[in-house]
Amino acid sequence: PIADSVHRLIVIVLFGVWIGFALAVHRATVEPLRSISNLLEALRGGDYAIRGRYAKKGDALGDVVLEANRLGATLRSQRFEALEASALLHKVLAEVDVAVLAFDGEEDRIRLANRAAGGLLKRHPDALMGLTATEAGVEDLLEGPAVSSESHIFPGRGGRWQIMREIFREGGRQFRLLVVTDLSQALREEERRAWRRLIRV
């Protein structure tokens, strides 16, 4: 009987140790992996504020969680920088007296129009959004050399214009940029260079 009791006690202790070991392994591997999986899913969905738990330095899985957290922080910082740069660009475009229009490459629909473009076309810039080049009356200006000097009568006014045409890609899609400058108020050469740099950006 004593031997049986000792045997049972040993079995119970061993079973308890095994359960404890299994829980420790689960905590050490499954939970960090789940945390990494959730973190990567959030990053893929554009949520850069979420942070992974179980980030312990020196531990292999913990190091992965730490690096994923650092990646999220970097992406969040880059998103804020991009938003600030975009806001600045829109503010600059709204204030300059050079007409700027951007068209998507598929249907030539206006995706960006500044106030000067609205003035030339006698429409509010917001009312231009989504119109085709034909509907806006500028389809003939889209074709031609990268830079040309042309006479044209817009609904807002007529005159001689410098037309700059650029093609750019964003998010894998092609867009066309049209920049119209009134040559009667010609920009200085350094301003022209600055505009070319802005267009390339």
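The values are calculated or read from the model by the stated rules, or taken from the named source; none is laboratory data. All values reported here derive from a predicted model rather than from experimental measurement. Cβ sites come from the backbone with ideal geometry, for glycine too, and all protein chains shown count toward neighbours. We work out accessible area using only protein heavy atoms, side chains counted, and drop any ligands, DNA or RNA first. Shrake-Rupley method; radii C 1.70, N 1.55, O 1.52, S 1.80 Å.
Things worth noting here:
- Screening Tyr48 with (1) assigned to a helix (DSSP H, G or I); (2) at pLDDT 75 or above gives one miss only, at (1).
- Lone unmet requirement of (1) over 21 Å from the mean Cα position of the chain (by Cα); (2) open to solvent by less than 50 Å² (accessible area, probe 1.4 Å); (3) modelled with pLDDT of 90 or more for His124: (2)
- Count - residues of region 109-121 that are within 22 Å of the chain's Cα centre (by Cα) and not hydrophobic (A, V, I, L, M, F, W, C): 3
- Scanning region 134-146 for residues that are more than 17 Å from Ala116 (Cα to Cα), open to solvent by less than 80 Å² (accessible area, probe 1.4 Å) and more than 29 Å from the chain's Cα centre (by Cα) yields a count of 2.
- For region 157-166, the criterion of a residue being among the small types (Gly, Ala, Ser), at pLDDT 70 or above and not in a strand (DSSP E or B) is satisfied by no position.
- Taking residues in region 150-162 that are closer than 12 Å to Lys122 by Cα, and partners anywhere that are open to solvent by 50 Å² or more (accessible area, probe 1.4 Å), the pairs with Cβ atoms closer than 7 Å and at least 6 places apart or on different chains are Pro155/Lys122; Gly156/Lys122.
- Region 4-27 residues that are modelled with pLDDT of 75 or more, paired with ones that are surrounded by fewer than 10 Cβ atoms within 10 Å (Cβ to Cβ) (beta carbon under 7 Å, 6 or more apart): none
- Looking across region 54-91 at every residue that is open to solvent by 60 Å² or more (accessible area, probe 1.4 Å) and β-branched (Val, Ile, Thr), the one that is modelled with the highest pLDDT is identified as Thr74.
- Screening region 151-184 for residues that are charged (D, E, K, R) and surrounded by 14 or more Cβ atoms within 10 Å (Cβ to Cβ) and picking the one that is nearest to the chain's Cα centre (by Cα) gives Arg176.
- For region 167-201, the set of residues classified as among the polar types (S, T, N, Q) and modelled with pLDDT of 85 or more consists of Gln174, Thr181, listed by residue number.
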